[in-house]
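Colleague: Got a structure for you, questions after.
The values are calculated or read from the model by the stated rules, or taken from the named source; none is laboratory data. None of the values given here were measured: they were computed from a predicted structure. Note that we place each Cβ from the backbone using ideal geometry, even for glycine, and neighbour counts take in every protein chain shown.
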Amino acid sequence: MSRYAPAALLLLIAAVVAPLAAPAAEEAQTPATSPSAADSARIEHEKGPYLIGPLTRGAWNAFAPELEPEAASYQPSPDIVEALAAAGRDLRIVCVLGTWCSDSRREVPRFWKVMAACGLPPESLQMLAAGRADDPAAAAWEAQRGIEPGYRARYGVELVPTFIVYEDGLELGRIVETPAVSLEADLAAILGVRATPAWH
């Protein structure tokens, strides 16, 4: 037998084994996901039930039908939303909220109206429903899904709702709990967008 045969044999084995090992390496780099991990959950609490986790507008509306009338009744400033629409910015907005929180139930539906008025696509808003801070069931839910220490800590949020505005991966600013002026005016201020009053 040639003294090169063992080396050739090793190369042949490597060529066969490498394709078999490749899928495992790719699988290790891709985090496991499932529909249940991406859905919100209902938690029963002595002060009333609430939702926790990634939240869709449809799921929250089904839980709290009063949200849509709040969105419909809000009238954002026409000149400000016109300026926001003209700016055409590509934004990503993360909103940490509490479905148990009256400020969240008021401001988030209003923000939906602002987004629609200025042409921001619904998918640019990610809503994350936080549990009550003193509820061990919320902490257990977060631990089970690997999102410890929770949305508040992850995003540095103290008050809900907090709207965090991103562009090109960078945080531009926040609207915390209640707007300083209005949701649309605060968003315009974060983006540096100036509006010309309709009466001007």
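Colleague: Which pairs have Cβ atoms under 9 Å, sit 6 or more apart or on different chains, and link a residue in the stretch 172-197 that is in contact (Cβ under 8 Å) with a residue 24 or more places away in the chain to one that is assigned to a loop (DSSP other than H, G, I, E, B) and of a type in the set (D, E, K, R)?
Modeller: Glu177/Glu158; Ala188/Arg194; Leu191/Arg89; Val193/Arg89
Colleague: Another question about this same structure. Report, by residue number, each residue of the stretch 125-149 that is touching a strand residue (DSSP E or B) at 6+ places or on another chain (Cβ under 6 Å) and either more than 10 Å from Ile52 (Cβ to Cβ) or outside the structural domain of Arg110 (by TED's automatic domain parsing) (or both).
Modeller: Leu125, Gln126, Met127
Colleague: Within the stretch 155-200, count every residue that is assigned to a strand (DSSP E or B) and β-branched (Val, Ile, Thr).
Modeller: Step one: of the stretch 155-200, the residues assigned to a strand (DSSP E or B) are 162-167, 170-176.
Those left that are additionally β-branched (Val, Ile, Thr): 162, 164-165, 175-176.
The qualifying residues number 5.
Colleague: Are any residues in the stretch 108-133 of a type in the set (S, T, N, Q) and either free of Cβ contacts under 8 Å to residues at least 40 places away in the same chain or outside any strand (DSSP E or B) (or both), and if so, which ones? Full working, then the answer.
Modeller: Initial filter on the stretch 108-133 (of a type in the set (S, T, N, Q)): 124, 126.
Listed by number, the list holds a single entry, Ser124.
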